[in-house]
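Peer 1: Okay, handing you the structure first.
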Amino acid sequence: MTVHFIGAGPGAADLITVRGQQLLGRCGLCLYPGSLTPTDLLAHCRPGARLVDTANLTLDEIVAELVAAHEQGHDIARLCSGDPAVYSAVAEQMRRLDAAGVPYDVTPGVPAFAAAAAVLGRELTVPTVGQSLIITRAQARSTSMPDGEDLATLGASGATLALHLAVNRIEQVVEELLPNYGEDCPAAVVAQASQDGERVLRGTLGDIAQQVRDAGITRAAMIFVGKVLAAESFPDSFLYSAGRPRG
């Protein structure tokens, strides 16, 4: 049987993919991150399926559940918030499943940064303004960042930044980015994108930290920094240009 790693999306139950929803309806076991999974999403699970909240489980306990269910002949849904490709901790689960000889596949989901950009009503790649997006995080009580991936180094590119897991260190983020982006650089914070408690802050590097503190935002938020957030005067994309050869 197979372990299906499924991107649950950013929070709203209807932002899971059709494939992900169909897999939930087939599996006899569903492991899900309790603090991040809406109850409405679990309603898609097969009637009688066993539901396991992984919020308080260790990696070894999670893998033991997956392996045991596989040995019992069950297909397993392993829900991941957002998209499994970004900050989902699936790499170490896959490594252990490989060692145990348990097959798995991956169904992508709507990543948090995409949902937050949709809330802002902004494209993150605007012609001549910004064509590169760096998805990263700030160093906190978590795995150390690799050498060369600190914000000061990444910010030297001037690319648009999308920061996960960083809102509690917003002052540090601002301090490290100011030398490369300047106080007037547009910035935004979207908390709980697509969820009932969704909140949006727009400003600049000079004022966004104070806005975050005043709003009391401490979790489940994306930080964006870059000129694309306020871009107005830019040429149309070549994609739909009348001068572009077609046929």
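Peer 1: Can you tell me which residue in the stretch 127-145 is nearest to ALA112 (Cα to Cα), limited to those that are aliphatic (A, V, I, L, M) and modelled with pLDDT under 90?
Peer 2: Looking at residues that are aliphatic (A, V, I, L, M) and modelled with pLDDT under 90, I get ALA138.
Here's the yes/no breakdown for (1) acidic (Asp, Glu); (2) closer than 20 Å to ALA99 by Cα; (3) open to solvent by less than 20 Å² (accessible area, probe 1.4 Å); (4) more than 24 Å from the chain's Cα centre (by Cα):
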{"site": "SER35", "(1), (2), (3), (4)": "no, no, no, no"}
{"site": "ARG50", "(1), (2), (3), (4)": "no, no, no, yes"}
{"site": "ILE62", "(1), (2), (3), (4)": "no, yes, yes, no"}
{"site": "GLU65", "(1), (2), (3), (4)": "yes, yes, no, yes"}
{"site": "ALA68", "(1), (2), (3), (4)": "no, yes, no, yes"}
{"site": "SER81", "(1), (2), (3), (4)": "no, no, no, no"}
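Peer 1: Does the stretch 128-187 hold any residues that are in a loop (DSSP other than H, G, I, E, B), of a type outside the set (A, V, I, L, M) and under 30 Å from GLU92 (Cα atoms), and which are they?
Peer 2: SER132, GLN139, ARG141, SER142, THR143, SER144, PRO146, ASP147, GLY148, GLU149, ASP150
Peer 1: If I ask for residues that are over 19 Å from SER132 (Cα atoms) and open to solvent by 10 Å² or more (accessible area, probe 1.4 Å), which ones from the stretch 159-175 would you list?
Peer 2: LEU165, ASN168, ARG169, GLU171, GLN172, VAL174, GLU175
Peer 1: Being within 24 Å of the chain's Cα centre (by Cα) and in a loop (DSSP other than H, G, I, E, B): is that true of SER194 here?
Peer 2: yes
Peer 1: Next question. For GLY109, work out the one condition from (1) over 24 Å from ALA13 (Cβ atoms); (2) touching a residue at least 40 places away in the same chain (Cβ under 8 Å); (3) open to solvent by less than 20 Å² (accessible area, probe 1.4 Å) it doesn't fulfil.
Peer 2: It fails just one condition, (1).
Peer 1: Can you pull out every residue in the stretch 108-131 that is within 17 Å of the chain's Cα centre (by Cα) and closer than 19 Å to LEU154 by Cβ?
Peer 2: Scanning the stretch 108-131 gives PRO111, ALA112, PHE113, ALA116, ALA117, LEU124.
Peer 1: With the condition kept exactly as written, say whether any residue in the stretch 238-247 is open to solvent by less than 90 Å² (accessible area, probe 1.4 Å) and in contact (Cβ under 8 Å) with a residue 12 or more places away in the chain.
Peer 2: So far as the stretch 238-247 goes, no, none of its residues is open to solvent by less than 90 Å² (accessible area, probe 1.4 Å) and in contact (Cβ under 8 Å) with a residue 12 or more places away in the chain.
Peer 1: Could you identify the single residue in LEU205, LEU177 that is touching a residue at least 40 places away in the same chain (Cβ under 8 Å) and over 24 Å from VAL110 (Cβ atoms)?
Peer 2: Checking each option against the conditions leaves just LEU177.
The values are calculated or read from the model by the stated rules, or taken from the named source; none is laboratory data. Keep in mind the model is a prediction, meaning the values are calculated, not measured. Backbone-built Cβ (ideal geometry, glycine too); neighbour counts: all protein chains shown. With ligands, DNA and RNA removed, areas are computed over all heavy atoms of the protein, side chains included. Shrake-Rupley method; radii C 1.70, N 1.55, O 1.52, S 1.80 Å.
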